[in-house]
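The values are calculated or read from the model by the stated rules, or taken from the named source; none is laboratory data. Quick caveat: nothing in here was measured; it's all calculated off a predicted structure. Every residue, glycine among them, receives a Cβ derived from its backbone with ideal geometry; neighbour counts consider all protein chains shown.
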Amino acid sequence: MSQRPIYLDSHATTPVDERVLTAMLPYFSEHFGNPSSINHLYGWEAEAAVKQTREFLAVAINATPEEIVFTSGATEANNLAIKGVAEAYFQKGQHIITVVTEHSAVLDPCKYLKTLGFEITILSVKKDGLIDLTELEKAFRPDTILVSVMAANNEIGVLQPLAEIGTLCRDRNVLFHTDAAQAIGKILLDVQAMKIDMMSLTAHKVYGPKGIGALYVRRRNPRVQLAPQQHGGGHERGMRSGTLYTPQIVGFGKAIEIALEEQARENQRLTQLRQRLWKKLSQLEGIHLNGHPTQRLPGNLNLTVEGVDGSALLLGLQPVMAVSSGSACSSVTIAPSHVLMALGHSEQQAYASIRFGIGRFNTLEEIDKVAKHTVSTIKSLRKQTLKV
Ligand SMILES: *Cc1c(COP(=O)(O)O)cnc(C)c1O
């Protein structure tokens with residue numbers, strides 16, 4: 001009987017919660033209608049389900065249901081926000097501010113806009129992974145149209161100071177977009193209090209299905225103008241055409257409903273598990289925590305291990321646990337993580353880093369097993385290095 005490794009890669013994706021799956025199933029074959037069909041029951045049923053998810057999402061971030069635009073995920077939402085604003089506001093200005101530790105789904109649209117003549121300022125981060133607000137203040141220009149700063153980092157889990165950033169932007173009439181793919185359902189998000197104008201969301205990092213996400217687009221004070229990046233039937237108030245994927249949308253809503261309900265208790269549990277794991281691992285010498293110690297996602301523990309080879313470490317851990325390393329592999333190349341490099345790590349340190357993403361279905365027993373195996377793997381690798 002072969003045992004599958006313990007899943008500890010919740011920042012990459014999460015399993016669909018059984019309760020989410022149960023909610024989705026009738027919408028594949030029974031309530032299969034097109035939510036845009038306004039002439040019959042099939043359409044009305046689907047539309048009602050879509051409406052309910054809009055309401056769950058709106059409640060989750062303190063928005064209104066009309067401000068939710070469904071997309072295929074956070075990648076598309078980021079593209080729509082950044083390229084959509086650039087295209088709609090280029091006459092006002094062509095300068096955008098973002099951060100070096102953003103997800104590639106933010107950095108790459110910015111890089112693309114640069115080829116069209118936009119100017120991009122990429123802020124650095126402090127040793128703890130947080131941005132320096134005075135550096136942001138200095139980066140604003142009269143032609144700045146957009147600031148994009150993520151809510152929670154997908155590698156090191158740090159939470160950027162959204163409310164402070166929002167205030168700086170609002171004072172200068174600059175739009176503020178945040179990629180909240182890792183944050184939704186895990187930390188408090190409030191587009192009013194935090195003065196957020198656009199927010200990217202996705203379902204599959206919070207126990208919902210893959211292939212569905214949303215962009216929150218502010219409708220008043222200020223009303224955000226977006227140039228659509230996908231044209232067609234005029235769905236989603238013209239901002240994103242395409243027949244709505246009702247089963248996925250139902251799953252997204254259910255996932256958010258559950259996450260909000262359980263957030264307080266679950267965060268406490270995850271924090272305890274993370275601290276337990278860190279306490280056991282930090283008994284070893286030469287092991288460092290990446291990212292701010294407390295301003296971080298409850299389930300995130302990102303560590304750099306001195307004196308071991310990164311690929312040997314991962315190889316040693318793999319039979320017991322599914323974790324990510326400090327290498328970002330796109331399908332073709334392996335490179336050291338740009339996030340860890342931005343914290344000042346060497347390439348070798350970045351490679352010898354592990355991201356533990358503790359999630360809803362991890363147990364105390366699993367964490368103890370993971371701690372024990374990680375400690376023994378590091379010890380034996382270090383012994384081998386000494387012998388050579
Ligand atoms: C996962 C992730 C994305 C991409 O989301 P998809 O829904 O998979 O497209 C974007 N940004 C961050 C921070 C993420 O963690």
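Residue by residue through the stretch 9-24, note down the ones that are part of a helix (DSSP H, G or I) and within 16 Å of the ligand (Cβ to nearest atom).
Initially, the stretch 9-24 is screened for residues part of a helix (DSSP H, G or I), giving 18-24.
Correct list: 20 only.
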- Task: Within the stretch 285-304, work out how many residues are crowded, with 20+ Cβ neighbours inside 10 Å, farther than 9 Å from residue 274 by Cβ and small (Gly, Ala, Ser).
- Result: 1
- Only one of these is out of contact with any strand residue (DSSP E or B) (no Cβ under 7 Å at 6 or more places or on another chain) and not in a helix (DSSP H, G or I): 32, 28. Name it. 32
- Query: Scanning the stretch 86-142 for residues that are part of a helix (DSSP H, G or I) and among the hydroxyl-bearing types (Ser, Thr, Tyr), which turns out farthest from the ligand (Cβ to nearest atom)?
  - Reply: 134
- Query: Quick one: is residue 10 assigned by TED's automatic domain parsing to the domain that holds residue 321, under 30 Å from residue 324 (Cα atoms) and in contact (Cβ under 8 Å) with a residue 24 or more places away in the chain?
  - Reply: yes
- Task: Scan the stretch 236-243 and give yes if some residue there is in contact with a Ser or Thr (Cβ under 9 Å, 6 or more places away or on another chain), among the β-branched types (Val, Ile, Thr), away from the ligand (no atom under 15 Å from the Cβ) and more than 23 Å from residue 98 (Cα to Cα), otherwise no.
- Result: yes
- Query: Before we move on, is residue 12 surrounded by 12 or more Cβ atoms within 10 Å (Cβ to Cβ), among the aliphatic types (A, V, I, L, M) and over 24 Å from the mean Cα position of the chain (by Cα)?
  - Reply: no
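Out of the stretch 192-211, which residues are crowded, with 24+ Cβ neighbours inside 10 Å and among the polar types (S, T, N, Q)? Even if it seems obvious, please write down each step before you answer.
Of the stretch 192-211, the ones crowded, with 24+ Cβ neighbours inside 10 Å are 196-203, 205-208.
Residues satisfying the conditions are 200, 202.
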- Message: I'm told residue 211 meets every condition in (1) within 18 Å of residue 61 (Cα to Cα); (2) within 16 Å of the chain's Cα centre (by Cα); (3) touching a residue at least 24 places away in the same chain (Cβ under 8 Å) except one. Can you identify the failing condition by its number?
- Response: (1)
- Query: Is there any pair linking a residue in the stretch 231-246 that is at pLDDT 95 or above to one that is among the aromatic types (Phe, Trp, Tyr), with Cβ under 8 Å and at least six apart or on different chains, and which?
  - Reply: 240/70; 244/70; 245/70; 246/27; 246/32
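Select from the stretch 340-388 the residues that are touching a strand residue (DSSP E or B) at 6+ places or on another chain (Cβ under 8 Å) and not in a helix (DSSP H, G or I) and list them in ascending order.
Restricting attention to the stretch 340-388, the residues satisfying the condition of being touching a strand residue (DSSP E or B) at 6+ places or on another chain (Cβ under 8 Å) are 340, 345, 347, 349-359, 361-362, 366, 369-370, 373-374, 378.
Within the stretch 340-388, 345, 352, 353, 354, 355, 356, 357, 358, 359, 361, 362 meet the criteria.
Looking for whichever is within 23 Å of residue 105 (Cβ to Cβ) and at pLDDT 95 or above here; the options are 264, 214, 193. Which one fits? It would help to see each step written out before you state the result.
Numbers: 264 fails: within 23 Å of residue 105 (Cβ to Cβ); 193 fails: within 23 Å of residue 105 (Cβ to Cβ).
Step by step, each of 264, 214, 193 is checked, and only 214 is within 23 Å of residue 105 (Cβ to Cβ) and at pLDDT 95 or above.
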- Message: What pairs come out if I take residues in the stretch 296-318 that are under 14 Å from residue 156 (Cβ atoms) and pair them with residues that are of a type in the set (Val, Ile, Thr) and in a helix (DSSP H, G or I) whose C-beta lies under 6 Å away, six or more apart or interchain?
- Response: 298/271
- Looking at the stretch 171-178, is at least one residue at pLDDT 95 or above, surrounded by 22 or more Cβ atoms within 10 Å (Cβ to Cβ) and within 11 Å of the ligand (Cβ to nearest atom)? yes
